[in-house]
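The values are calculated or read from the model by the stated rules, or taken from the named source; none is laboratory data. Please read these numbers as outputs of a predicted model, since none were measured by experiment. Note: ideal-geometry Cβ built from the backbone for every residue, glycine included; neighbour counts use all protein chains shown.
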Amino acid sequence: MQKSKLMLVVALLSAFSLNLQAQYAKTDSTYKKHFVGSTLFLLGNFSKVNPPGFAQLNMGYRITGKDVVSLELITWKHSWPLGINPFYNDKYGIPETKFPGNIREYGIGVAYQRYLWKGLYLAAHAMPMRQIFRNEDGDKVGKGFIIFNTYRVGYHIKLFKDRFFIEPSLGVAGRPYQSNMPEGFKEQDDKWPKWTPEPGLHFGFNF
């Protein structure tokens, strides 16, 4: 369900690609320097399997026409290991791979984008996150900490005279650091990789 929704949105928005413009000129002082946005991962909240209670707010600043920094506030909940990618792994969502409860995570991260050619960019996201572990009854059984990083290559598409934008991307996401996990959670998590491919579709409003 999540995969089909994301692919549908990407297909619809790709219709705008006929009007692609070059990325902001390095010497241009008229472009809008600030933006707020989020991600189409919000659609995951409508999933019948493991709805994440996902929320994300991005607040960005264009240092130059080619360099962008942003602050990202994110929270989500998951009952399956992050190493099971729901877009292509059929082990996601089945009882045998489920945690004995769920993990709620809260993070404030930073991201840096560097534009290479027109709208083509590379980006790195670093997200320290606090974790709360709960059992099947909803009781808190532990807390933890991770660093969740994502590395992307994507394309910035201007819409409606640069009032809005979308950024389809492909990346890899994972955890260079994970603190100790409660019994049962760790056993499941250790079975899966710490890094997985991750498609993305960010959107935003410039001002």
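Couple of notes before you dig in:
- Subset of the stretch 80-109 [farther than 20 Å from E183 by Cβ and either touching a strand residue (DSSP E or B) at 6+ places or on another chain (Cβ under 6 Å) or among the acidic types (D, E) (or both)]: N85, D90, Y106, G107, I108, G109
- Q178 being within 30 Å of K32 (Cβ to Cβ) and of a type in the set (S, T, N, Q): no
- Contact annotation: residue pairs with Cβ atoms under 6 Å, 6 or more positions apart or on different chains, pairing a residue in the stretch 154-182 that is modelled with pLDDT of 95 or more and among the β-branched types (V, I, T) with a partner that is in a strand (DSSP E or B) and exposed (fewer than 13 other Cβ atoms within 10 Å of the Cβ), are V172/P197.
- Counted residues, the stretch 132-143 - those being in contact (Cβ under 8 Å) with a residue 40 or more places away in the chain and surrounded by fewer than 19 Cβ atoms within 10 Å (Cβ to Cβ): 2
- Leading residue by the ranking (farthest from the chain's Cα centre (by Cα)) among those in the stretch 80-123 that are closer than 28 Å to Q188 by Cα and of a type in the set (G, A, S): G101
- Subset of the stretch 144-164 [of a type in the set (F, W, Y) and surrounded by fewer than 19 Cβ atoms within 10 Å (Cβ to Cβ)]: F145, Y151, Y155, F160, F164
- Restricting attention to the stretch 179-201, the residues that are among the small types (G, A, S) and under 18 Å from the mean Cα position of the chain (by Cα) add up to 1.
- Per-region count, the stretch 131-153, residues in a strand (DSSP E or B) and either in contact with a Gly (Cβ under 7 Å, 6 or more places away or on another chain) or among the aliphatic types (A, V, I, L, M) (or both): 14
- Strands (runs of 3 or more DSSP E) completely within the stretch 30-119 that count 1 or more residues being within 23 Å of V141 (Cα to Cα) and among the small types (G, A, S): 101-117
- Condition met for L18 (in contact with a strand residue (DSSP E or B) (Cβ under 9 Å, 6 or more places away or on another chain) and at pLDDT below 80): no
- Residue count, the stretch 82-113 (criterion: at pLDDT 95 or above and under 17 Å from V172 (Cβ atoms)): 4
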